[in-house]
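Heads up, the thing below is written out as structure tokens.
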Amino acid sequence: MQTREMSAAAVEEKRVFSGIQPSGELHLGNYLGAIKGWVERQREKVNFFCIVDLHAITVPQDPESLRRRTRSVAAMLLAAGLDPDRCTLFIQSHVSAHAEGCWLLNCVTPIGWLERMTQFKDKSAGQERVSTGLLGYPVLMAADIILYDADEVPVGVDQKQHVELARDIAARFNRLYGETFVVPEPVIPEVGARVMGLNDPAVKMSKTHSDVRGHAVGMLDDPKEIERSFKRAVTDSGNEIAFSNDPGKAGVNNLLGIYKVVTGRSKDEVERDFENARGYGDLKSRVAEVVIEELRPVRERYRRLIGDVAELDALMAVGAERAEDVSGPKLREVKDRIGLALPRMAGGG
Ligand code: AQP
């Protein structure tokens with residue numbers, strides 16, 4: 001297994017890759033489970049963050065909405081604090097190595113590995129037609145990650161299984177063709193890794209359900225909407241405000257988890273903050289308050305950024321060039337290992 005040496009310099013140079021789909025309006029789960037952590041970590045490592053539009057089309061998308069949302073996600077990530085001077089931020093379809101790499105990895109990935117993926121089972125359940133792309137989603141994700149020799153992949157817990165599959169694919173390729181890829185590790189935040197729907201704390205907050213009233217807090221929701229969403233949040237008939245693994249207390253646990261990640265306080269401190277709370281109503285309004293203040297500057301920066309389309313497109317073009325500089329040579333190495341005739345050989349050179 002190929003790993004990087006753990007010298008001090010190597011620790012600094014650790015590579016990080018993560019992605020986000022422009023498949024709907026971004027929500028608090030995306031922010032707390034992924035984006036907030038990306039922003040905090042961007043100073044420490046070499047980071048690649050990708051807007052994975054090719055993943056989004058594994059389920060039907062309206063072309064105009066997809067284009068608009070892809071730009072909107074770019075603006076949102078910048079508004080949340082990603083700094084293009086400290087990370088490489090780009091759009092997946094702008095770098096052809098991802099789709100090409102996916103094909104090459106498809107050819108070493110047993111189909112059974114894909115059929116047992118939970119997300120595939122969930123997203124294909126009850127559908128009359130399911131695209132081959134949906135089944136191959138994790139192979140594309142593996143290509144995204146391993147073409148950059150990423151050591152770490154920060155994701156919410158829902159994506160852990162896919163990162164584990166990327167590890168299996170990288171290791172299998174290395175076994176078949178010799179050491180080529182770094183085998184990546186998933187990095188899951190301790191809290192915030194699975195923000196649950198406010199209307200149903202048994203279901204993860206998701207873009208797919210964000211049309212359902214009271215399910216998600218959108219990153220662009222205004223303070224009044226955020227307050228309303230939290231007021232409606234499902235809790236239980238008790239009154240104890242404490243972290244708990246009891247499924248019956250999942251609503252309160254979810255609210256406390258959100259408060260914890262936003263404020264950066266420990267579990268004990270969070271519970272102490274609510275010692276004198278006047279019931280769940282108080283809990284809900286204080287959680288709403290910290291979320292409103294957390295998202296306010298993001299929303300304001302977003303409004304400014306989304307107005308300058310030319311600047312956004314230029315930033316994404318620079319990101320794609322930098323991504324290509326890393327993934328392009330890796331893809332050529334992979335083709336060489338497999339035995340594909342490289343272009344320089346075509347002319348007899
Ligand atoms: N509810 C969540 N709690 C914590 N983290 C979450 N993530 C998503 N939902 C939650 C994390 O956000 C990152 C980007 O997710 P994605 O765009 O790749 O898609 P997803 O995981 O499939 O998330 P969605 O929002 O539920 O989208 P749809 O409905 O389109 O499938 C990932 O790191 C993910 O873990």
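A few comments on the model shown:
- Test: VAL16 is crowded, with 18+ Cβ neighbours inside 10 Å, within 14 Å of the ligand (Cβ to nearest atom) and assigned by TED's automatic domain parsing to the domain that holds ASP83: yes
- Helices (runs of 4 or more DSSP H) within region 192-287 that include 1 or more residues in contact with a Gly (Cβ under 7 Å, 6 or more places away or on another chain): 223-231, 250-263
- Matching residues, region 35-75, being hydrophobic (A, V, I, L, M, F, W, C), more than 20 Å from LEU147 (Cβ to Cβ), in contact (Cβ under 8 Å) with a residue 60 or more places away in the chain and assigned to a helix (DSSP H, G or I): ALA74, ALA75
- Test: GLN119 is near the ligand (Cβ under 10 Å from one of its atoms), part of a helix (DSSP H, G or I) and over 30 Å from ASP325 (Cβ atoms): yes
To keep it simple, each residue is scored yes or no on (1) modelled with pLDDT of 95 or more; (2) in the same structural domain as ASP221 (by TED's automatic domain parsing); (3) more than 19 Å from SER131 (Cβ to Cβ); (4) buried (at least 19 other Cβ atoms within 10 Å of the Cβ).
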residue: GLN21; (1), (2), (3), (4): yes, no, no, yes
residue: GLY33; (1), (2), (3), (4): no, no, yes, yes
residue: TRP38; (1), (2), (3), (4): no, no, yes, yes
residue: ASP53; (1), (2), (3), (4): yes, no, no, yes
residue: ALA56; (1), (2), (3), (4): yes, no, no, yes
residue: VAL59; (1), (2), (3), (4): no, no, no, no
residue: ARG68; (1), (2), (3), (4): yes, no, yes, no
residue: SER72; (1), (2), (3), (4): yes, no, yes, yes
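- Residues that are in contact (Cβ under 8 Å) with a residue 60 or more places away in the chain and open to solvent by less than 40 Å² (accessible area, probe 1.4 Å) within region 155-186 comprise VAL155, GLY156, ILE169, ALA171, PHE173, ASN174, GLY178, THR180, PHE181, VAL182, VAL183, PRO184, listed in sequence order.
The values are calculated or read from the model by the stated rules, or taken from the named source; none is laboratory data. Keep in mind the model is a prediction, meaning the values are calculated, not measured. Neighbour counts are summed over all protein chains in view; Cβ atoms, including those assigned to glycine, are modelled from backbone coordinates with ideal geometry. What goes into the accessible areas is simple: the full protein's heavy atoms, side chains included, and nothing from ligands, DNA or RNA. Shrake-Rupley method; radii C 1.70, N 1.55, O 1.52, S 1.80 Å.
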